[in-house]
Amino acid sequence: MLKRAFTIALVAVTVVAAAPARAVESGPQGQRSIEGGPAPFDGDLMRLAEILGALHYLRALCGANEGQKWRDQMQALLDAEAPAGERRSRMVANFNRGYRGFRQTYRTCTPAAGLAVRRYLEEGAKISREITARYAN
């Protein structure tokens, strides 16, 4: 159930991410733009990317037989958000950090690894819900 909720929430995030970022400053003639600045939810997206990387490693380690599901979710997030340059690099680096951090720690599925999976599923779902609630049109 938690996995399904996270997947549904992640799809909502990719829809939100595909929409133009909400403005944070007024520009000329009252137009609002972020003028190359970060989207207000970038920090959350970076954390979500790290969670996806961790889940990609841990779910496979613990025998979830999901194949490339979490990598595919990350790719969907990148495709929807279409970040360029430094922003894209940071998202990919966060995914890799999540993956590598657990690869260095766990060689087999332990109760602690299972707990980490549950916590990351919960945190990812929470981030997704919050982004959707705050920034959906």
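The values are calculated or read from the model by the stated rules, or taken from the named source; none is laboratory data. Not measured: the values here are computed from a predicted model. Don't worry about glycine lacking a Cβ; one is built from the backbone with ideal geometry, like all the others, and counts go over all protein chains shown.
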* Asked: I51: at pLDDT 50 or above and in contact with an Asp or Glu (Cβ under 9 Å, 6 or more places away or on another chain), yes or no?
  -> yes
* **segment 120-137, residues that are in a helix (DSSP H, G or I), surrounded by fewer than 17 Cβ atoms within 10 Å (Cβ to Cβ) and of a type in the set (A, V, I, L, M, F, W, C)** => A133
* Asked: Does A82 satisfy being farther than 23 Å from R119 by Cβ and modelled with pLDDT under 95?
  -> yes
* **Y99 vs. criteria in contact with a His (Cβ under 7 Å, 6 or more places away or on another chain), surrounded by 17 or more Cβ atoms within 10 Å (Cβ to Cβ), on the phi < 0 side of the Ramachandran plot and at pLDDT 95 or above** => yes
* Asked: Do you know which residues across segment 110-119 are assigned to a helix (DSSP H, G or I) and farther than 17 Å from Q73 by Cα?
  -> P111, A112, A113, G114, L115, A116, R118, R119
* Structure fact -> Result of the Cβ filter at 8 Å on segment 126-137, keeping first residues that are over 14 Å from A39 (Cα atoms) and partners that are at pLDDT 90 or above and crowded, with 17+ Cβ neighbours inside 10 Å, at least 6 apart or interchain, is I127/D44; I127/L48; I127/I51; S128/L48; E130/D44
* Whichever residue in segment 59-79 is touching a Cys at 6+ places or on another chain (Cβ under 8 Å) and assigned to a loop (DSSP other than H, G, I, E, B) and, among such residues, is modelled with the lowest pLDDT -> G63
